[in-house]
1. Going by alpha carbons, how many degrees (0 to 90, nearest 10) lie between the helix axis of 144-161 and the longest principal axis of the chain?
2. Kindly express, to the nearest 10 degrees and within the range 0 to 90, the angle between helix 27-46's C-alpha long axis and the longest C-alpha principal axis of the chain.
3. Which of the aspartates and glutamates could a cross-linker span from Lys25 if the Cα-Cα distance has to be under 17 Å and same-chain partners fewer than 8 positions apart are dropped?
4. What are the chymotrypsin sites (Phe, Trp or Tyr not before Pro) within the stretch 57-158 that DSSP puts in a loop, where the Cβ has at most 14 other Cβ atoms within 10 Å?
5. Give me the distance between the Cα centres of the stretch 94-122 and the stretch 8-38, rounded to whole Å.
6. Before anything else, pin down the relative contact order of the chain: Cα pairs under 8 Å, at least 6 apart, normalised by residue count, whole percent.
7. Give the range of the longest stretch in the chain that excludes all trypsin sites (Lys or Arg not before Pro) found in loop regions by DSSP and having at most 12 other beta-carbon atoms within 10 Å.
8. Which of Ile64, Ile120, Ile141 moves most in a GNM of the chain, Cα contacts under 10 Å?
Amino acid sequence: MSSYVESVLAPGEKIVHRPAISHWKFLVSYLVGVLFLVAAFAALIIARNDVTTSRIMAAVAFAIGFVVILVAVIRRRTTELVLTDRRIITKRGFISRDTVEMNLSKVESLHVDQSLLGRILNYGDVTVVGTGASLEPLRGIASPLELRRKLGEVSAPAERGA
């Protein structure tokens, strides 16, 4: 199954950069999920006297932990951000889909917001500002400065040609 972005590319349009959502954005979800999984195994080990209750508690904790981690993984995998030689395309969602596209000729600037932790772990929020509108901030982008650099490389030849 091809990605959404590949299905909407115009003839001759090439993908220049495909940034990813950082795993750090989902750190809290991963930790909560793992804590529930640990609690599930702890419920089996600690409550040996009441096997039925411990199994029910373990199953519930395991299901919650598994679902929390699965939702985070699905959200990360179903978010696409692509810089092509003509436009920026973002897509979020699995069942319902939210997409935004902006032609590079309409891009005025790209804002990168990184906290201290974001700088250390190399992730941040990116906002593309265009003429008349801006994209909603893209939160938790891995290597946001690489996206800025690639956008500069792509838009520089277009500006020289104009």
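1. With rounding to tens, the tilt is 20 degrees.
2. With both axes taken from Cα atoms, the answer is about 10 degrees.
3. List returned: Glu80, Asp113, Asp125, Glu136.
4. Those that pass, being in a loop and sparsely packed, are Phe94.
5. Centre-to-centre (Cα) distance: 13 Å.
6. That works out to 22 percent.
7. My reading of the result: 98-162 is the longest stretch.
8. Greatest mean-square fluctuation among the candidates belongs to Ile120.
Throughout, read-outs are computed from the coordinates displayed, never taken from laboratory work. From a predicted model like this one, the values you see are computed outputs, not experimental measurements. FYI the Cβ positions are ideal-geometry reconstructions off the backbone, even for glycines, and counts take in every protein chain you see.
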